[in-house]
1. Among the residues of the stretch 283-302, count how many are surrounded by fewer than 16 Cβ atoms within 10 Å (Cβ to Cβ), at pLDDT 80 or above and within 12 Å of residue 257 (Cα to Cα).
2. Exactly one condition in (1) crowded, with 18+ Cβ neighbours inside 10 Å; (2) part of a helix (DSSP H, G or I) is not met by residue 311; state its number.
3. Based on this model, can you work out whether residue 305 counts as at pLDDT 80 or above, closer than 18 Å to residue 237 by Cβ and in a helix (DSSP H, G or I)?
4. What do you reckon, is residue 346 under 17 Å from the mean Cα position of the chain (by Cα), surrounded by fewer than 22 Cβ atoms within 10 Å (Cβ to Cβ) and modelled with pLDDT under 85?
5. Inspect all residues belonging to the stretch 43-64 and state whether any of them is closer than 28 Å to residue 263 by Cβ, assigned to a helix (DSSP H, G or I) and modelled with pLDDT of 80 or more.
6. Is at least one residue of the stretch 284-291 assigned to a helix (DSSP H, G or I) and either more than 23 Å from residue 100 (Cα to Cα) or out of contact with any helix residue (DSSP H, G or I) (no Cβ under 6 Å at 6 or more places or on another chain) (or both)?
7. Do we find that residue 263 is at pLDDT below 85 and closer than 21 Å to residue 94 by Cβ in this structure?
């Protein structure tokens with residue numbers, strides 16, 4: 001009996017040592033691959049390859065985010081086809097609703113802005129010449145002199161920009177067509193992935209087991225599953241976060257600032273909030289422009305509101321919600337977003353958080369093993385003395 005127990009203990013110890021070896025290997029290899037990819041990505045050849053793979057990668061991403069929705073419909077409907085159709089109908093309906101609600105409002109606002117530009121410039125000049133009492137703290141004469149010196153350049157650059165955009169209309173239309181084709185291809189790929197996901201899962205496992213040893217393959221599959229769950233949790237957390245930010249934006253714009261189009265502006269801010277940390281700031285730009293167009297006097301208050309909202313989401317709400325979903329501290333989320341954005345821009349910012357959660361899982365498993373088998377003996381000897 002005692003011998004079997006000791007043998008089981010030895011086997012468990014050997015198993016944990018193997019796991020520790022894998023974790024110790026994966027982290028440095030992963031970091032090296034990220035660095036190599038960063039430097040190689042600077043080459044135009046890899047950028048072209050990445051552009052070619054965009055529809056495939058987008059299809060995989062769509063399949064990942066729609067899989068939970070399909071599972072939910074599958075619990076209600078017996079047939080897989082019905083669940084897939086309902087999942088895509090829900091997704092496409094949401095996209096169409098957003099496009100048809102927001103795009104016309106933005107187009108009308110831009111048209112009105114161009115039409116009313118002379119009137120707005122006259123209003124700005126009048127503001128500096130006859131400032132309201134609440135702006136007495138500003139050195140309006142100096143600001144007006146500076147404004148007068150730069151306004152010709154602003155008008156020239158604005159005119160040049162409008163002419164450039166007009167000349168590139170055809171090229172932009174072609175790019176839109178290409179993007180639409182890529183999106184349709186991505187949808188088709190994602191449908192196949194969802195329909196045959198069990199087949200693809202078995203194929204993926206066969207490939208892994210054919211190239212690696214059993215224990216290594218188990219660890220790779222485990223890490224891939226963890227990454228998939230992290231991405232799903234991250235997207236769920238961002239949807240919750242963006243919904244809360246959109247609601248706060250609506251209340252603030254309608255009842256505090258009392259600006260026009262509160263629903264549209266809040267939707268814009270909420271959608272752009274899917275971009276981590278800087279999302280509300282980016283989404284706030286059209287909100288500020290539209291507010292200045294309608295009521296220039298409220299433009300400053302809208303700007304201040306957007307800045308406060310961005311800080312609240314980036315430092316408090318976003319890290320808190322994502323931390324709950326991914327079991328990460330806010331400081332690690334903010335750090336991951338900064339590093340990911342510095343390496344890969346917007347895409348790096350978006351995927352930095354789930355990747356950070358995966359790295360945390362690997363490191364935790366490795367540290368638990370080290371503390372259990374090395375530090376524990378050291379602490380035990382200290383306690384005995």
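The values are calculated or read from the model by the stated rules, or taken from the named source; none is laboratory data. Because the structure is predicted, anything quoted here is derived from the model rather than measured. Every residue, glycine as well, gets a Cβ built from its backbone with ideal geometry; the counts of neighbours run over all protein chains shown.
1. 1
2. For residue 311, the failing item is (1).
3. Numbers: at pLDDT 80 or above: yes; closer than 18 Å to residue 237 by Cβ: no; in a helix (DSSP H, G or I): yes.
In short, no.
4. Values: under 17 Å from the mean Cα position of the chain (by Cα): yes; surrounded by fewer than 22 Cβ atoms within 10 Å (Cβ to Cβ): yes; modelled with pLDDT under 85: yes.
Yes; evaluated as a whole, the condition is true for this residue.
5. Residues of the stretch 43-64 that are closer than 28 Å to residue 263 by Cβ, as a first pass: 62.
Right, trim to assigned to a helix (DSSP H, G or I) and you get 62.
Applying the additional criterion that residues be modelled with pLDDT of 80 or more yields 62.
Yes; the residues of the stretch 43-64 include at least one that is closer than 28 Å to residue 263 by Cβ, assigned to a helix (DSSP H, G or I) and modelled with pLDDT of 80 or more.
6. First pass over the stretch 284-291, keeping only residues assigned to a helix (DSSP H, G or I): 284-291.
With either more than 23 Å from residue 100 (Cα to Cα) or out of contact with any helix residue (DSSP H, G or I) (no Cβ under 6 Å at 6 or more places or on another chain) (or both) added as a condition, the list becomes 285, 289.
Yes, the stretch 284-291 contains at least one residue that is assigned to a helix (DSSP H, G or I) and either more than 23 Å from residue 100 (Cα to Cα) or out of contact with any helix residue (DSSP H, G or I) (no Cβ under 6 Å at 6 or more places or on another chain) (or both).
7. Numbers: at pLDDT below 85: yes; closer than 21 Å to residue 94 by Cβ: yes.
Yes.
Matching residues to (1) without any contact (Cβ under 8 Å) to a residue 24 or more places away in the chain; (2) surrounded by fewer than 18 Cβ atoms within 10 Å (Cβ to Cβ):
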{"residue": "185", "(1), (2)": "no, yes"}
{"residue": "199", "(1), (2)": "yes, yes"}
{"residue": "221", "(1), (2)": "yes, yes"}
{"residue": "225", "(1), (2)": "yes, yes"}
{"residue": "230", "(1), (2)": "no, no"}
{"residue": "260", "(1), (2)": "no, yes"}
